[in-house]
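Chemist: The structure is given below, and queries will be raised subsequently.
Readers should treat all values here as calculations from the given coordinates under stated rules, not as data from a laboratory. A quick note: this is a predicted structure, and the numbers were derived from the prediction, not measured. Glycine gets a Cβ as well: all are built from the backbone with ideal geometry, and neighbour counts include every protein chain shown.
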Amino acid sequence: MKFTNKEGYTLIEITIVIAIVLAVSIFAVPFTLHQIQEGELANKSADIVSAIFTQQQKAYNRVNSKSYGIRFQSDSYIIFIGDDYASAEYTEVIELPEGINFTSIMFSGSVDEIIFAAGEFRPSENGNLKISNQSGLQKQINITAEGLIYFSDLN
């Protein structure tokens, strides 16, 4: 009895498929990692913009008739209630994820905090923050004298 029906793949066919998958992976993995890191940095930048905006809105709406502010450090930011951080009656520290930090804090008054006075939309200081990750990706968060807050890519 002879079997003439051949089913299955040869070793050469399997080896070629594995080689093609490996070749595609060599290019896809670094691109995917870059996209993940870019997304994490964009999300954290959006969180910071949101925190600044929330403090601005609380001050503008005269919540508790208080001033609201946010202070920046290299690896964290602090939201607070009060006329400045030193005399704040409430603070909340928000740590940046490991590998992400502020590389530049440049405000008009050479300070590291922004304050929104009760009933005011405009910040006490204007300028920008640069936030980066270990891979060198950077975003810039801008706060204008008019009170507009946004972030942009630096890469």
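Chemist: From the set of residues in segment 34-69 that are in a helix (DSSP H, G or I) and among the basic types (Lys, Arg), which is nearest to the chain's Cα centre (by Cα)?
Modeler: Filtering segment 34-69 for residues that are in a helix (DSSP H, G or I) and among the basic types (Lys, Arg), the one nearest to the chain's Cα centre (by Cα) comes out as Lys44.
Chemist: Please identify the pairs in which a residue from segment 83-110 that is under 27 Å from Ala42 (Cβ atoms) has its Cβ atom under 6 Å from the Cβ atom of a residue that is aromatic (Phe, Trp, Tyr), counting only partners at least 6 apart or on another chain.
Modeler: Filtered contacts from segment 83-110: Thr91/Phe80; Ile94/Tyr77; Phe102/Phe72; Ile105/Phe72.
Chemist: Output the residues belonging to segment 126-147 that are part of a loop (DSSP other than H, G, I, E, B) and closer than 22 Å to Glu40 by Cβ.
Modeler: Listed by number, the residues that qualify are Gln134, Ser135, Gly136, Leu137.
Chemist: Are any residues in segment 34-82 without any contact (Cβ under 8 Å) to a residue 40 or more places away in the chain and either at positive phi or among the aliphatic types (A, V, I, L, M) (or both), and if so, which ones?
Modeler: Hits for segment 34-82 are Ile36, Val63, Asn64, Ile78, Ile79, Ile81, Gly82.
Chemist: What number of residues within segment 111-125 are aromatic (Phe, Trp, Tyr) and either part of a loop (DSSP other than H, G, I, E, B) or without any contact (Cβ under 8 Å) to a residue 24 or more places away in the chain (or both)? Lay out the reasoning, then the answer.
Modeler: Here is the first cut: in segment 111-125, the ones aromatic (Phe, Trp, Tyr) are 116, 121.
Now narrow it down to the ones that are either part of a loop (DSSP other than H, G, I, E, B) or without any contact (Cβ under 8 Å) to a residue 24 or more places away in the chain (or both): 121.
The total comes to 1.
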